[in-house]
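K.L.:
Quick one: this structure, given as C-alpha cells, is what I'll be asking you about.
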Amino acid sequence: MDFSGWKRRIAAALAALVFGAPVLSPAAPFSARAEAADSADVFTALAGLLGTAGMYSGYLSAILDAGNNAYYQEQTRLYDEHENGVDRNPADHRIVDEVMEGLIERGTYVLDIRSLPFRWNVNNSTEFNAACFPTNYITVNKGLVIGLNGNIDEIAGVLAHEMTHGVKLHAAYNYARAAAQAFGINFLGMVTGAVRPDVVGVLADYSVAKNVILPAEYEADEGGFYLAASAGFNPGGPAAAMARMDYMTKHPDTFDRSYGADPYDHPDTDKREAKLADMMTAYSAGHVTVQDRKEILIDGQPLLKALYSTDVYDDTPEQAYLIAGGLAHAFHKYATAEEWAFRPGENGRTAFLDSDRVYAYLQDAVERNHAEAELERLVRAAYASEATTGAREKMKAEEAERLSYWQERMAKNADANEKLVERLYKNADAYNDINEPELSITEGARTFHCDRRDVKLAGVYAVRGRAKALQGDFEGAMMDCDYAVSLDPKDAYVFLNRAEVKRAMGLPEAALEDISKSIELDSKAIAAHKMAADVEDELGRKDAARGHYAAYHKLVPDAMDIPDEYYKLIDPKQWERIEKEREKERKRAAEERQKREEKKAEAEKEPAKGDTQKTNSDEQKK
C-alpha cells in the first residue's frame, strides 16, 4: 500500500544510474534532430535502450536474491524499528497479530520458491499506511490500526493486500521496472532533446506511477480480497477499508491530522472501492450488491439500508459493505437456503446462520430493521433462481481457476533448481541464528515439497533439530539430528548442529565430540572453531580455548567476538589498536555526557520565561 517511498527510491536509483553527461538544453523538435543525427547517434540511443533492458534484468536478479535472504529480512526489521520505532500499545499488536496469523494459517495462497515466509511488526508512525518489503517483512503503521478503528475485517483487507504484494513479488519486479523505466525516459530525453529536461522528470514520475505502481495496486487489491475472504474474514472488509481511506483523503479535517491519508499515496480510492465491491458481488454468486454505498440488495431487491455508527463522520458506506459482506460470505459458503438455518429465535424473532463473527454486522442490522422475514424470502428466491442463471456454477468456475493458479505455482516450486532448494535450507539455518525457530521449521518444511529435496535433506533435518532444541523439545531435536547424521555422515554441519543441541542440553563434552568431528570433516568450518573455543572456555580449559580462538581468528581476521583475554594473546597489535579505539569512544561518550549535564544544569539555574514574567508582575503589584 505504501506509495510515498517510490519517488525517493526511484530518485536514489536514478542517481546511481544516470551517467555524468550534462542534460541537453531545449532544442529542435525530434524530427529535425533525427534527420541531422548520424549513425553514431542512432547507435548510442539504441545501445542506451538495450542497456535499460539489461539494467532491469540486473536489478530484478539482485532484488530477488536479496529478498530471499533471512538475514536481510532481519536487517529490514531492525531498520524499520530504527527508522519508525515500535508501537507501544499492546492492543494494536494483538489486533495485527490476530489478523496476520489468520491470513497465514487459513488463507489460500502459495509462496513463490524465491520468497521468504512473512514477518511483521507495528511501528510507531502515525501515518495511515502499511508496506511490504521485498523480504516479505510487513510494517504496519499504528496510524493504520487507529485510522481503521481497530476493525479486524478492514485491517485484514489491507494486510492481505500487502501480503499479495509479497506473494506476487511485486516489490522486486516494480523496483526494477521503476528504475529501468525512469532511466529510459530520462535517457531518451537526454539523447534526443525531444523533451525539455524539466518535463522529463515529470514524465518519468507519471509513467512509473501509472504503468508500474497502479497495476500492482489493483492486482494486490484483487489478490488481497480473495486471500482475506478465504481466511474467513468479512468479504466487505476490503471495500469498507477503501471507503474509510477515501473519506479520510477527501475530508482530512474530520480526523486528527496526524492520522491523515495523502491522496498521492493512495491513488484512485473510489475506483478501487468500486472494484472491490464488484468482487464481493461475484463472491456471493452475484446475489449481493450495495447501491449508492448504503442500500443492501439481494438480486436487485432491497433488504435494508445501512446507518452510520459514529458521530465522528458518516461511515454508512463502511457499514453497508460489512453488512453485505456477511451475506456474501453465506451465499459463497452455502449451496442451499436450508443451510442458512432459519429458525425460531428469542422473543418471537427468526434466527439465522451461526455465531461466526463474520455475520455480526448482518445479524445486528437485520434485527435492528426487523427484516428477518424479508431476508428469508429474498434468500430462498435467490437460490431458486440459480437453476436458470447459472450464477453458482460461474462462481465455482472462477474459484477453480484461482485454485488452479496456486496448484501451478506449487508444481513450479516442486521443480525448483538445486540452488533455490539449497537457499531454503540456508534460510532455515539463518532463522535459527536469529532465534526464530518456528520460521526455521516452516522454511525447512518447504524443501519436502521439492523434487530435488535430497540436495540438503540431511542439513534440513539437522537444522530442524536445532530449531526444536530452541523450542525446548530436546527429544525431538536429538531424533532429527541423529537421523541427519545417518543420512550424510560426511557433512560437517550436521555434526555441528547436533553439537548445538547437546550444548543446549548441558552436555558440553558430548558437544565437543561432534564439534571435533565437524572440524575433522572441514578444517575451515568457522562456526565449529568458534563453538569449540566457547565450550572449552566455559569448561575452564584456557589453552584449548586459545587454540580454537586462534584458528577462528585466522579464518575471520576481523572477528570482534573473541574475549579480550584471548584476543590480546592471539593478536597483540590488533588488540592494542582496538583498545585505543575503545578508549577514544569512551572519552567521546564521557564528553557528550558532561555536555548534556552542563546544559541541564544551566537550564535548571535559569528561571523559565513565564516564571520571570510572573515575578515582575508580582513586584509591580507590591
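K.L.:
Would the stretch 73-138 count as rounded, prolate or oblate if I go by the C-alpha gyration tensor, calling it rounded below 1.5 in a/c and otherwise prolate when a/b exceeds b/c, oblate otherwise?
P.N.:
Values: a/c = 2.36, a/b = 1.30, b/c = 1.82.
Oblate, since a/c reaches 1.5 and b/c is not below a/b.
K.L.:
OK, next. Counting other beta carbons within 10 Å of each residue's own, what order do ARG402, ARG466 fall into, fewest first?
P.N.:
Details: ARG402 15, ARG466 26.
If I rank by nearby Cβ atoms, fewest first, I get ARG402, ARG466.
K.L.:
Further, regarding this structure: For the stretch 277-392, what relative contact order do you get, as a whole percent, if you take Cα pairs closer than 8 Å and at least 6 residues apart? Spell out each step's value before the answer.
P.N.:
Numbers: 163 pairs, mean separation 28.1, N = 116.
For the stretch 277-392, the relative contact order is 24 percent.
K.L.:
Can you pull the one-decimal nm distance between simple spin-label points at ALA274 and GLU520, each 7 Å off the Cα toward Cβ?
P.N.:
In this crude label model, ALA274 to GLU520 measures out at 7.4 nm.
K.L.:
Is there a quick way to get the dipole size of the stretch 413-564? I mean about its Cα centre, with the Cβ of Lys and Arg at +1 and of Asp and Glu at -1; what is the value in debye to the nearest 20? All intermediate terms of the calculation are to be shown ahead of the outcome.
P.N.:
Numbers: 21 positive and 30 negative charges, 54 e Å.
Roughly 260 debye, rounded to the nearest 20.
K.L.:
To the nearest 0.05, what FRET efficiency results for GLU105 and LYS412 with a Förster distance of 30 Å applied to their C-beta separation?
P.N.:
On the way: r = 23 Å, r/R0 = 0.77.
So the FRET efficiency works out to roughly 0.80.
K.L.:
Another question, if that's okay. So what's Rg/Rh here for the stretch 518-610, counting alpha carbon atoms and using the Kirkwood radius for Rh? Please list the in-between numbers first.
P.N.:
Details: Rg = 21.9 Å, Rh = 16.3 Å.
Looking at the stretch 518-610, the ratio lands at 1.35.
K.L.:
Further, regarding this structure: I need the calculated FRET efficiency for the pair LEU487 and ARG114, taking r as the beta carbon distance and R₀ as 30 Å, to the nearest 0.05. Present the calculation step by step, with values, prior to reporting the outcome.
P.N.:
On the way: r = 26 Å, r/R0 = 0.87.
Approximately 0.70, to the nearest 0.05.
K.L.:
According to the square roots a ≥ b ≥ c of the eigenvalues of the Cα gyration tensor, what is the shape class of the stretch 413-564, taking rounded for a/c under 1.5, prolate for a/b larger than b/c otherwise, and oblate for the remainder? Provide the component values of the computation, followed by the final result.
P.N.:
Values: a/c = 2.01, a/b = 1.67, b/c = 1.20.
Taking the square roots of the gyration eigenvalues as a ≥ b ≥ c, the stretch 413-564 is prolate.
K.L.:
Mind checking which of ALA285, TYR321, ALA360 is farthest towards the positive end of the stretch 277-392's charge dipole, using Cβ charges of +1 (Lys, Arg) and -1 (Asp, Glu) about the Cα centre?
P.N.:
Highest projection toward the positive end goes to ALA285.
K.L.:
For the stretch 277-392, what is the Kirkwood hydrodynamic radius in Å, using each pair of distinct C-alpha atoms? Please report the intermediate quantities before stating the final value.
P.N.:
Details: mean 1/r = 0.0700 Å⁻¹.
Taking every pair of different Cα atoms in the stretch 277-392, averaging 1/r and inverting gives 14.3 Å.
K.L.:
Label point 7 Å out from ARG357 along Cα-to-Cβ: which residues of the stretch 332-351 have amide N under 15 Å?
P.N.:
Residues passing the 15 Å test: none.
K.L.:
Just rank PHE233, PHE133, PHE448, fewest to most, by other beta-carbon atoms within 10 angstrom.
P.N.:
Details: PHE233 29, PHE133 22, PHE448 10.
The fewest-first ordering by Cβ neighbours comes to PHE448, PHE133, PHE233.
K.L.:
Please list, or write none, the aspartates and glutamates whose alpha carbon is within less than 18 Å of the alpha carbon of LYS587, excluding same-chain residues fewer than 8 places away.
P.N.:
Excluding near neighbours in sequence, the set is GLU576, GLU579, GLU597, GLU598.
K.L.:
Using Cβ counts within 10 Å as a stand-in for footprinting exposure, how do LEU307, LEU144 rank, fewest first? Before the final figure, lay out each step's value.
P.N.:
On the way: LEU307 15, LEU144 28.
Ranking LEU307, LEU144 by Cβ neighbours within 10 Å, fewest first, gives LEU307, LEU144.
K.L.:
R0 = 25 Å: FRET efficiency of TYR79 with GLU597, Cβ-based, nearest 0.05? Show your work: numbers first, answer last.
P.N.:
Working: r = 32 Å, r/R0 = 1.27.
Efficiency, rounded to the nearest 0.05: 0.20.
K.L.:
With respect to the cross-link table entries LYS168/LYS271; LYS275/LYS305; LYS468/LYS542, which display a Cα-Cα separation exceeding 28 Å? If you can, show how the numbers build up before the last one.
P.N.:
Values: LYS168/LYS271 22 Å; LYS275/LYS305 21 Å; LYS468/LYS542 31 Å.
From LYS168/LYS271; LYS275/LYS305; LYS468/LYS542, over 28 Å: LYS468/LYS542.
Throughout, read-outs are computed from the coordinates displayed, never taken from laboratory work. These numbers were taken from a predicted model, which means no experiment stands behind them. Here the Cβ is made from the backbone with ideal geometry for all residues, glycine too, and neighbour counts use every protein chain on show.
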